[in-house]
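What follows is a single structure, written as structure tokens, with notes after it.
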Amino acid sequence: MVHFVGAGPGAKDLITLRGKSLIEEADVIIYAGSLVNPELLDYAKENCEIHDSSKLNLDEVIELIKAAENEGKTTIRLHTGDPCLYGAIREQMDILDDLGISYDSTPGVSSFCGAAAALNMEYTLPGVSQSVIITRMEGKTPVPAKESIEALASHGATMVFFLSSFDTKGLSERLIKSGISPKTPCAIVYKATWPQEKSFICTLETLYETAVKNDIHKTALIIVGEAVSQNGYDKSKLYAPDFTTEFRTGTDKNANSKQ
Ligand code: SAH
């Protein structure tokens, strides 16, 4: 059995209880050493076999899993954040399907949540933005044309850029060219929830210089949008005193309970 487990964004205590229990019971752990906090391996039992997948290719990962299966061992495939985002899990699962090896998934706290926590930020401020676009710049992996930065920027939603801090210059230039105001607030969050966490608030036109000045070119998220200012929003209807919900009666009996 293989368990795909989300390790969380960094801090050792931000893995789920389920993820921790699975690590404690695992015979083999294959962890993404480039981003997973190695302190999480402290939860593993003493004789657990541990491999860093940043030094392995897909075939080698599968060989390790096959060898473990042949011995009736349990393997944890430990991915950073939540495995459902940029986790390259589907390609592994498809091979496991072909091999008849069973697996399941345990979610983790994604780094975009860790970054919001670092900033004490709400991405979805009423009256400002009610959507979060999670995307990335092209790197070795292309991004479909219909999801280009220019196309996505036209929505004006809060945008969270993964895997993009290597080119903050290109990112800001493209966003500005696509019509977003150069004064749009941005945040850079480096190593969210790690002891080395750093965060910076800037604007689209100062994004590049902020990244350069602070030597940020990897392991960071770039957040772009008016929501970053955490200003100018409307109060939620959910907690408005006059509003009636399924769970409480408000002072205005005519206000409906639409979300
Ligand atoms: N599945 C992961 C994302 C893996 S892609 C998740 O849910 O978070 C790797 C990218 O995630 C990095 O290039 C960086 O942009 C971002 N990232 C991962 N951990 C991070 C952290 N602690 N702080 C800021 N960004 C992080």
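If each of residue 169 and residue 235 carries a label point 7 Å out from its Cα toward its Cβ, how far apart are those two points in nm?
The modelled label-to-label distance comes out at 4.8 nm.
Residues with amide H under 5 Å of residue 29's amide H, sequence separation 5 or more or different chain, H placed in the peptide plane at 1.01 Å from N; which?
49, 50, 51, 76
Would you grab the residues whose amide H sits under 5 Å from the one on residue 7? Only those 5+ places off in sequence or on another chain, please, with H modelled 1.01 Å from N.
Hits under the 5 Å cutoff: 79, 80, 81.
Please compute the per residue accessible area over the range 76-148 with all protein chains in place, 1.4 Å probe, rounded to a whole number of Å².
It amounts to 50 Å² per residue over the range 76-148.
Output ³J(HN,Hα) for the range 46-63: one whole-Hz value per residue in order, computed from phi by the Karplus curve 6.51 cos²θ - 1.76 cosθ + 1.60 with θ = phi - 60°, and x for Gly and Pro.
4, 8, 5, 8, 10, 10, 9, 6, 5, 9, 10, 9, 4, 4, 5, 4, 5, 4
Under 12 Å Cα-Cα from residue 169, which aspartates and glutamates qualify once same-chain neighbours fewer than 8 residues away are excluded?
Cross-link targets: 205, 209.
May I ask you to list the lysines whose Cα is less than 30 Å away from that of residue 258, ignoring any residue fewer than eight positions away on the same chain?
Within reach: 235, 237.
Of all beta bridges DSSP finds with both residues in the chain, what is the antiparallel percent, to the nearest 5?
40 percent
Would you please give the FRET efficiency between residue 93 and residue 34, computed as 1/(1 + (r/R0)^6) with r the Cβ-Cβ distance and R0 = 30 Å, to the nearest 0.05?
Computed FRET efficiency for residue 93 and residue 34 comes out at 0.90.
Rounded to the nearest 5, what % of DSSP beta bridges with both residues in the range 80-212 are antiparallel?
DSSP beta bridges in the range 80-212 are roughly 55 percent antiparallel.
Compare 236, 131, 199 in a GNM of the chain, Cα atoms joined below 10 Å, and give the one with the largest fluctuation.
Highest fluctuation among the options: 236.
Quote the accessible area belonging to residue 1 in square angstrom, nearest 10, computed with a 1.4 Å probe and with ligands, DNA and RNA left uncounted.
Spelled out: residue 1, probe radius 1.4 Å, area about 70 Å².
Suppose each label sits 7 Å from its Cα in the direction of the beta carbon; what would the residue 46-residue 154 distance come out to in nanometres?
6.3 nm
Could you give P(r) for the chain, binned at 10 Å from zero, as whole percent values over all Cα-Cα pairs?
Taking all Cα pairs of the chain, the binned fractions are 7, 26, 27, 22, 14, 4, 0 percent.
Going by average Cβ neighbours within 10 Å, how do the peptides 80-91, 183-194, 160-171 rank, with the highest at the top?
Output ranking for 80-91, 183-194, 160-171: 183-194, 160-171, 80-91.
Need the full-extension length gain, residue 56 to residue 177, defined as separation in residues times 0.36 nm minus the C-alpha distance. One decimal, nm.
Roughly 39.6 nm would be gained on extension.
Skipping prolines and chain starts, which residues have an amide H placed within reach, meaning under 5 Å, of the one on residue 250, given they are 5 or more residues away or on another chain?
Sorted by chain and number, the residues that satisfy this are 244, 245.
Which whole-Hz couplings ³J(HN,Hα) result when phi for each residue of the range 202-209 is put into the Karplus expression 6.51 cos²θ - 1.76 cosθ + 1.60, θ = phi - 60°, listed in order with x for Gly and Pro?
Values per residue, Gly and Pro as x: 8, 10, 4, 6, 10, 4, 4, 5 Hz.
How large is ³J(HN,Hα) for each residue in the range 172-188, as worked out from phi by the Karplus curve 6.51 cos²θ - 1.76 cosθ + 1.60 (θ = phi - 60°), to whole Hz, x for Gly and Pro?
5, 4, 5, 5, 5, 4, 7, x, 6, 4, x, 7, 4, x, 9, 9, 10
Need the list of aspartates and glutamates near residue 218 for cross-linking: C-alpha distance under 14 angstrom, and skip anything on the same chain fewer than eight residues off.
167, 197
Would you compute, from DSSP H runs of 4+ residues alone, the mean residue ellipticity of the chain at 222 nm, taking -39500 (n - 2.57) per run and dividing by the full residue count, rounded to the nearest 500?
-7000 deg cm²/dmol
The values are calculated or read from the model by the stated rules, or taken from the named source; none is laboratory data. Computed from a predicted structure; not experimentally measured. All Cβ positions, even for glycine, are placed from backbone atoms using ideal geometry, and neighbour counts span all protein chains on display. The protein model used for the area step is the full one, side chains on, heavy atoms only, and it has no ligands, DNA or RNA in it. Shrake-Rupley method; radii C 1.70, N 1.55, O 1.52, S 1.80 Å.
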